Every structure is written in structure tokens, then in C-alpha cells.
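The values are calculated or read from the model by the stated rules, or taken from the named source; none is laboratory data. In this text the structure is predicted, and so the values were computed from the model without any measurement. Virtual Cβ from ideal backbone geometry, glycine too; neighbours counted across all protein chains shown. The accessibility values were calculated without ligands, DNA or RNA, using every heavy atom of the protein model including side chains. Shrake-Rupley method; radii C 1.70, N 1.55, O 1.52, S 1.80 Å.
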Amino acid sequence: MADGSAKQGRNPRTVLLLRPTFEALEDVLAKRFHLLRAWESPLPLAEFLAAHATAIRALFIRGNGSVFVDAEILSSLPNLEIIVTNCVGLDLIDMAECAKRGVAVANAGNVLTEDVAEYAVGLLMDVLRRISSADRCIRAGLWPITGLFRLGSKIGGKRVGIVGLGHIGSEVAKRLDAFGCIISYYSRKQKPSFSYTFYPNARTLAAQNDVLIVCCALNSDTYHIIDKDVMDGLGKQGIIINVGRGALVDEKELVRRLMQGEIGGAGLDVFDNEPAVPRELFTMDKVVLSPHCAVYTQESFADLFQLIVDNLEAFFSNRPLVSKVTEV
């Protein structure tokens, strides 16, 4: 059940945090709820959860770099009724196990959608027009020495394939439409409400495009969805932009191809083993890197913090959740 009815003797507004989150968010939550910060306890996590199991009905997890909420953790929290996460992706939550146990999940909904879409377009512009590379040239004092800077490529007219035409993917498409790009996509299902060309798999999509923008959810079906075959289809001049999850792309294969000149460039906000990033990428001018920060805007954080509070308040007040996940 995802209701807020409290049993006798329990603090009805206790929220478990397994790992530290944004300090500002913790401050907001601490003013409204009783927080159990697992990392502050000297007890091992299993013992800490056992000691507080009966009191914990709500769990908050930070989506980036948190603990995977699996069957073992869920079984140690028999009274858990809701998990709230600060991100859209659900790859750190065993959703099947939650459904079996009647644990509701609330995510970031659409509050981060526009920010991620803007960032994806920004990464593409940077790779094509070599903005970061030009900045490094100036700062290194190379302009007077090298003279003309290397030519970039215009964004208008590019054939762009979007892997995952969900909320974020559709916002990316809308923005690139304005640049005059030719949009097509691959998703689990064809979207009749969009006029873009649909392809039945990522390999076929790649073969018809200059750019792939990856923004689908990570699950067992999409792990390494951008693999060797897809990169073959994209070709030597192709560009990969990833604002989804690192494991959507076969990172080792991508690095190898970038080093061998078998892929034209990449803009990456996410990586396989964050915060570790393959060092081979550091010196490549055709690659733009960022530390999983596509959602990092003042506006999105304000909206996100409010949504997290609203979901928890709704739960503890026995009202419908604001951004309950109903379909995975």
C-alpha cells in the first residue's frame, strides 16, 4: 500500500537515507521529517536496518551513486511503503520486487526533462562546433601560434537519431527541429503522435543518421544498446551523445573506436563506473565530457526539491503521490 496510515508507536514521518544527498536537500527534508542517516551510524548497514526496520516506512535514495535497492534491502524493511528518488531513471531500484511487496516508487517525473534536453543539444553543439576545444586553444596561448582553428561542422541539416523518444527524447527532438535537423528515432513502441521516422532497432537507426542521442532508460533490455554493431552502422563520421546512463553504451568499444578514428566524436555526461572516466578520453578534442550534471540548474533543483517534499508529504498525509511511477 502507498498510503500514509501510521501504526501505533511509530514515528509517522521517518525517512531513511542510505547515502548522503545534496546538503541543501537534506536541510529541507530535516525541517519536515525525521531523517535516519544510515552512514552516520557505526553499525554495518544490515545491522542498522534491522535496528530500525519497524520504524521505516519511507526511503529516499539519491539516484547518482547510491545503493542498489534490491530484494535483500527490501526484505530487511518489512514496513517500507514508499521509495522516493531524485532522478527519472529507476536502474537503482528493483522495481519487480517493489511491485511484489506493494512498495510504491516516486521519481523526478518531468521536472528535469527540459534541462536534460537542453544539455543534450549543448553537448552536440559543442562536439560539432568544437567550442570547448576552441576555449582550450585560447587558454593555452595557441591562437597566435596556430592561426586558423580547425573547422567544425554545422548542426543544421544533420540527421539525428534519438534512442528513446520519451519525455526527454521528445524535448530533444523539438529543440533540434528548430535547428533544421532531420529527426528519426527508436523506442520500445512507435509513437503515432510524432511524425518522425521510426526504426525498429538501434542498429537500423544508426545506419540512417549522422548523430545518435541516447536518452532512454537503463534496464536489462537496453544495457549496451549502443554496441559494436550500432557503432558500425553509425560509421566513422558519426557522433554519439549520451545523457541517459553510462551502461547504455559499450564504453570500452566506444573508447577504442574513438582512439582508432572509427567514430567521429562523442559528448558524454554519463559513464560506466562513475566517477571514474576512461583517461584515454581526456586528450581527445573530438570528445566533450561532463560529470553527470545535465540536470544541474538552479531552477531544476528548486523544482526537484519541492517535488520530493510534495511526494513525501502526500504519502504521510494519505494523499495520492505527485509523481508515482506507474509504468516501467
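Figures for the structure shown
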quantity: Region 112-289: relative contact order as a whole-number percent, Cα under 8 Å and 6+ apart; calculated: 21
quantity: Listed peptides 188-197, 235-244, 92-101, 300-309 by packing density, highest first (mean Cβ within 10 Å); calculated: 235-244, 300-309, 92-101, 188-197
quantity: Cα→Cβ-extended label distance, 7 Å offset, between Q190 and A30, nm; calculated: 5.5
quantity: Size-normalised alpha-carbon gyration radius of the chain, reference 2.2 N^0.38 Å; calculated: 1.10
quantity: Average accessible area per residue (Å²) across the chain - probe 1.4 Å, nucleic acids and ligands excluded; calculated: 49
quantity: Chain lengthening between R319 and C293 when straightened (0.36 nm per residue, less Cα-Cα); calculated: 6.1 nm
quantity: Residue of D27, D272, D285 that the Gaussian network model of the chain assigns the largest fluctuation, springs spanning Cα pairs under 10 Å; calculated: D27
quantity: Antiparallel bridge percentage (DSSP; both residues within region 112-289; nearest 5); calculated: 5
quantity: Ratio Rg/Rh, restricted to region 112-289 and using Cα atoms, in which Rh is the Kirkwood radius; calculated: 0.97
quantity: For region 1-157, radius of gyration divided by Kirkwood radius, i.e. Rg to Rh on alpha-carbons; calculated: 1.20
quantity: Rounded to whole Hz, the Karplus (6.51, -1.76, 1.60) HN-Hα couplings of region 310-325, x for glycine and proline; calculated: 4, 5, 5, 4, 4, 4, 6, 9, 6, 10, x, 5, 6, 9, 5, 7
quantity: The chain - percent of accessible surface contributed by carbon and sulfur, probe 1.4 Å; calculated: 53
quantity: Length released on extending from E40 to E23, taking residue separation times 0.36 nm less the Cα-Cα span; calculated: 4.7 nm
quantity: 222 nm mean residue ellipticity, helices alone, for the chain (DSSP H n ≥ 4; -39,500 (n - 2.57); rounded to 500); calculated: -10000 deg cm²/dmol
quantity: From the C-alpha gyration tensor of region 87-208, square roots of 5λ in Å; calculated: 36, 21, 12
quantity: The chain - percent relative contact order, Cα under 8 Å, separation 6 or more; calculated: 18
